[in-house]
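Let me begin by presenting the structure, written as structure tokens, before commenting on it.
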Amino acid sequence: MNQTMQILKSHIVSILFFSVTLVLIFAEYNQWEVVLYVFKPMLIPLLLWQYIITAKQKCYWYVIALGFAFLSNLFLLSNASECVLLGIISFLFYRIATIITVVKVGSPVLLLPLILATLPFIFVFTYLIYIIIPPDNPNFYPSIINDLIISIFSGLGLSQYVMHDNKQNSWLIISTLLFTFLVVVFMIQHFYLSNVVFQPVSALVFSLAHYAFYMFMKETESDENQTTMDRP
């Protein structure tokens, strides 16, 4: 009975999560600022609620990561340069916490495949920073650090999928690639070309990326991956 209630609650929260996502897509496209201020902060707490309901063993690094994701979401409600900077910094800490999460609950990390998988992302983001963000921009150096971390995260997802092809790492590579795309869109939108189309696309990709990572966390508790959860 308890398990049935847990599944029901999980489905309800999932419906709420994607309902909020749909509202945000329309709100971003139509630039409904009041709706954005009300609904955008709901997204990460709903995902945290979903995780608390379904997780048998809580990974507190993931909970910390969601906390920083929530802060980043709040700061990026504004286009002011100070808020964008704080959003980038919060996202940096979010990404560090997610890397630690993957290392702790995921498949064993192999250093050489990780380095090889990370290098292409570093080249891409370095080039984007070079052509988009001028050195005198206050976000220049935080963007370099942030993009280095997202490159490591993307390389981690790619190397894990190549070396350990399973359902768990399939969700991880989906999440990392969506987050990579999201960072590219964010850089173009905030530092190069502002277009109304970017906002609803970002809202959709943001939600899907986070939910895919949640599914990765959920898969780590499946029977075939349970032993990885016991690693310190």
Extension gain, GLN57 back to TRP32 (0.36 nm per residue minus Cα-Cα distance, nm) | 5.1 nm
Mind listing the phi-derived Karplus ³J(HN,Hα) values for segment 75-87, rounded to whole Hz, using 6.51, -1.76 and 1.60 with θ = phi - 60°, and x for any glycine or proline?
-> 4, 7, 5, 9, 9, 4, 4, 5, 5, 4, 4, 5, x
Residue by residue through segment 39-51, which ³J(HN,Hα) values in whole Hz follow from phi under the Karplus form 6.51 cos²θ - 1.76 cosθ + 1.60 (θ = phi - 60°), with glycine and proline marked x?
-> 8, 4, x, 6, 4, 5, x, 5, 5, 4, 4, 4, 5
Computed over the chain, protein heavy atoms only, probe 1.4 angstrom, the accessible area per residue in square angstrom equals 51 Å²
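Within the P(r) computed for segment 1-136, what percentage of the Cα pairs occupies the region above 18 Å?
Every Cα pair in segment 1-136 considered, those over 18 Å come to 69 percent.
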With labels modelled as points extended 7 Å from the Cα through the Cβ direction, what inter-label distance (nm, one decimal) is found for ASN166 paired with MET5?
-> 3.2 nm
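Relative contact order of segment 152-223, please, whole-number percent, based on alpha carbon pairs below 8 angstrom and at least 6 residues apart. Display every interim value, and only then the final one.
On the way: 57 pairs, mean separation 28.5, N = 72.
Computed value for segment 152-223: 40 percent relative contact order.
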Stretched fully, the stretch from VAL197 through ILE132 gains (0.36 nm per residue minus C-alpha distance, one decimal, in nm) 21.5 nm
Which value in nm describes the separation of the simple spin-label points at PHE18 and ILE144, placed 7 Å from the Cα toward the beta carbon?
-> 4.3 nm
Could you pull the Rg and Dmax for the chain, using just the Cα atoms, both in Å?
-> 17.7, 60
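The values are calculated or read from the model by the stated rules, or taken from the named source; none is laboratory data. Model, not experiment: these values are computed from the prediction. When we count neighbours, we look across all protein chains shown, and the Cβ atoms used for this are built from the backbone with ideal geometry, even at glycine. The area values use the complete protein model at the heavy-atom level, side chains included, leaving out ligands, DNA and RNA. Shrake-Rupley method; radii C 1.70, N 1.55, O 1.52, S 1.80 Å.
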